[in-house]
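Contents: one structure, followed by commentary.
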Amino acid sequence: MNYLHTMVRVSDLDKSLEFYCDRLGLVEVNRFDNEGGRFTLVFLAAPDDVEAAKHSKAPLVELTYNWDPEEYQGGRNFGHLAYRVDDIYALCQRLMDAGVTINRPPRDGHMAFVRSPDGISIELLQRGESLPAQEPWASMPNTGQW
């Protein structure tokens with residue numbers, strides 16, 4: 001398992017970049033604009049992690065800027081923790097067997113979401129290529145929020 005990134009929603013991308021980069025000293029290593037989804041993702045790394053982050057896309061802070069105005073309350077601006085895993089199906093099965101709800105099952109063999117006991121959303125991403133779709137995951141519906 002590898003720690004990948006922490007996602008934080010921001011309401012003003014320029015102000016946030018000024019804080020995280022100009023003030024705190026993080027470095028922008030990647031940016032992705034999604035016109036269809038109307039959001040921008042900006043990935044930042046600590047100066048000592050820049051080369052590793054460019055190669056492995058970790059460890060990072062992901063700033064998510066939604067183009068449509070939204071006020072974030074109650075921690076909505078914090079998104080999720082993300083981990084790369086060796087076998088997403090095996091880990092989800094182990095979690096489910098232990099009583100953990102799989103909020104977003106790995107239907108695509110690539111991505112799943114669960115929540116910690118405190119309600120923190122955790123994204124699980126399959127290392128390398130997505131695994132072939134398989135049951136029970138392929139037809140399992142989402143449960144709650146993720």
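Over the Cα atoms of the stretch 2-66, the radius of gyration divided by the Kirkwood radius equals 0.96; this is the Rg/Rh ratio.
Karplus-based coupling profile of the stretch 133-146, in residue order and whole Hz: 4, 8, 7, x, 5, 4, 10, 6, x, 5, 10, x, 9, 9, with θ = phi - 60° in 6.51 cos²θ - 1.76 cosθ + 1.60 and x standing for Gly or Pro.
Across the stretch 38-47, coupling constants 3J(HN,Hα) worked out from phi with the 6.51/-1.76/1.60 Karplus curve, θ = phi - 60°, read 6, 8, 10, 10, 10, 9, 10, 10, 5, x Hz, and Gly and Pro carry x.
A simple rule links phi to the HN-Hα coupling: the Karplus curve 6.51 cos²θ - 1.76 cosθ + 1.60 with θ = phi - 60°, which for the stretch 97-108 gives 4, 8, x, 7, 6, 8, 5, 10, x, x, 4, 8 Hz, with x for Gly and Pro. Inter-label distance, Asp12 to Glu35: 2.8 nm, where each label sits 7 Å from its Cα along the C-beta direction. The Cα center of the stretch 92-146 and the Cα center of the stretch 1-58 differ in position by 24 Å. Averaging 1/r across all pairs of distinct Cα atoms in the stretch 86-139 and inverting the result yields a Kirkwood radius of 11.1 Å. By the Kirkwood approach, averaging reciprocal distances over each pair of separate Cα atoms, the chain gets a hydrodynamic radius of 16.4 Å. Using the Cβ-Cβ distance between Ala90 and Tyr3 with R0 = 30 Å, the FRET efficiency computed as 1/(1 + (r/R0)^6) comes to roughly 0.95.
Only the coordinates and a few stated rules stand behind these numbers; no lab work does. Keep in mind the model is a prediction, meaning the values are calculated, not measured. For neighbour counting, all protein chains shown are included, and Cβ atoms are generated from backbone atoms with ideal geometry for every residue, glycine included.
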